[in-house]
Amino acid sequence: MSSRADCDSTPPTLDSFDLSPAVVSSETATEILVTATVYDAESGAAQMTGWFLGPVAAGGQPPKISFQCATTPNDPHAPWTCRVAVPQRAAKGTWKVGVIRLEDKAHNSREYTAADPVVANRVFEVQ
């Protein structure tokens, strides 16, 4: 198997990640808008998926809400957006990023967690 010098081996990067609104009610189902800037200089970013983790109930597992974002196909520099569905009666408290996984068209990937500065303080509150 031969290797090409111009082969894309670099994963995409998450340059910004924002949530709106930052506070929602558990009384009704609602949506959080995610807006992100994803960059990949070589093959181009292809996918952004992830989940948020809610507050842990006594002796339980943290609740999880998954999401998948996309970019505008005709504008690779446009922000990536998606809506995170927060169900009615979601666990009250602070929800934070569990994992955000980016993948490019060459299948290079990178994962971000709440420990990464770009997403460290990106939380929403369910009241």
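Throughout, read-outs are computed from the coordinates displayed, never taken from laboratory work. Here the structure is a predicted model, which means the values were calculated and not measured. Positions of Cβ are generated from backbone atoms using ideal geometry, with glycine treated the same way; all protein chains shown enter the neighbour counts.
If the condition is being assigned to a strand (DSSP E or B), surrounded by fewer than 18 Cβ atoms within 10 Å (Cβ to Cβ) and either in contact (Cβ under 8 Å) with a residue 24 or more places away in the chain or not aliphatic (A, V, I, L, M) (or both), then the range 67-81 contributes Phe67, Gln68, Thr81. Being among the polar types (S, T, N, Q), under 12 Å from the mean Cα position of the chain (by Cα) and closer than 21 Å to Thr10 by Cβ: is that true of Thr113 here? It is true that Thr113 is among the polar types (S, T, N, Q), under 12 Å from the mean Cα position of the chain (by Cα) and closer than 21 Å to Thr10 by Cβ.
Yes or no: Gly60 more than 11 Å from the chain's Cα centre (by Cα) and exposed (fewer than 13 other Cβ atoms within 10 Å of the Cβ)? Taking the combined requirement at face value, the residue satisfies it.
Can you list the strands (runs of 3 or more DSSP E) lying wholly within the range 83-127 that have 1 or more residues being over 15 Å from Asp18 (Cα atoms), touching a residue at least 40 places away in the same chain (Cβ under 8 Å) and not β-branched (Val, Ile, Thr)?
Working: elements: 93-104, 109-112, 123-126.
Here the list reads 93-104, 109-112.
Select from the range 1-33 the residues that are surrounded by 13 or more Cβ atoms within 10 Å (Cβ to Cβ) and part of a loop (DSSP other than H, G, I, E, B) and list them in ascending order. Within the range 1-33, Asp8, Thr10, Pro11, Pro12, Ser25, Ser26, Ala29 meet the criteria.
I need a count of the residues in the range 5-26 that are in contact (Cβ under 8 Å) with a residue 60 or more places away in the chain and either closer than 19 Å to Phe52 by Cα or touching a strand residue (DSSP E or B) at 6+ places or on another chain (Cβ under 6 Å) (or both).
First pass over the range 5-26, keeping only residues in contact (Cβ under 8 Å) with a residue 60 or more places away in the chain: 7-19, 21-26.
Next cut, either closer than 19 Å to Phe52 by Cα or touching a strand residue (DSSP E or B) at 6+ places or on another chain (Cβ under 6 Å) (or both) only: 11-19, 21-26.
Residues in the range 5-26 being in contact (Cβ under 8 Å) with a residue 60 or more places away in the chain and either closer than 19 Å to Phe52 by Cα or touching a strand residue (DSSP E or B) at 6+ places or on another chain (Cβ under 6 Å) (or both): 15 in total.
Taking Ala91 as the residue in question, decide whether it is out of contact with any strand residue (DSSP E or B) (no Cβ under 6 Å at 6 or more places or on another chain) and crowded, with 16+ Cβ neighbours inside 10 Å. Taking the combined requirement at face value, the residue satisfies it.
Among the candidates Gly54, Gly44, which residue alone is in contact (Cβ under 8 Å) with a residue 60 or more places away in the chain, buried (at least 18 other Cβ atoms within 10 Å of the Cβ) and more than 13 Å from the chain's Cα centre (by Cα)?
None of the others qualify; the one that does is Gly54.
Of all the numbered requirements in (1) free of Cβ contacts under 8 Å to residues at least 24 places away in the same chain; (2) closer than 22 Å to Thr10 by Cβ; (3) surrounded by 12 or more Cβ atoms within 10 Å (Cβ to Cβ); (4) not hydroxyl-bearing (Ser, Thr, Tyr), Ala36 misses one, and that requirement is (1). Among the residues of the range 23-52, those that are over 15 Å from Ala91 (Cα atoms) and of a type in the set (Gly, Ala, Ser) comprise Ala36, Ala41, Ser43, Gly44, Ala45, Ala46, Gly50.
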